[in-house]
Amino acid sequence: MLGGAAAWPLAARAQQVERVRRVGVLTPADTDATPIFAAFRRALSLLGYVEGRTIRLEFRFGKGNLRFRGSPPNWYVFQSM
């Protein structure tokens, strides 16, 4: 019984979850299905990031508008951090 209690801290450390990085992308485009974003995702993958597991991409689309109506870009950077 005591042996199981001694192994418990080791098991707890082995189950630690890797931190998920968040990257905000502001773009005047209306979709992330473009060659430039495919290349961006491919580069992140080559660096070892796995979208949805180790990195989360958050897109904000201007839909052709370069001024990003509504909230200023700083809102996107600092929200929920």
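Here, each number is a calculation from the coordinates, and none is a lab measurement. Small disclaimer: the values here were computed from a predicted structure and weren't measured.
Listed values for segment 46-56 are Karplus-derived 3J(HN,Hα) couplings in whole Hz (6.51 cos²θ - 1.76 cosθ + 1.60, θ = phi - 60°), namely 5, 7, x, 7, 10, 4, x, 10, 10, 8, 10, and x replaces Gly and Pro.
Close amide H contacts of Y49 (hydrogens built in the peptide plane, cut-off under 5 Å, sequence separation of 5 or more or a different chain): none are found.
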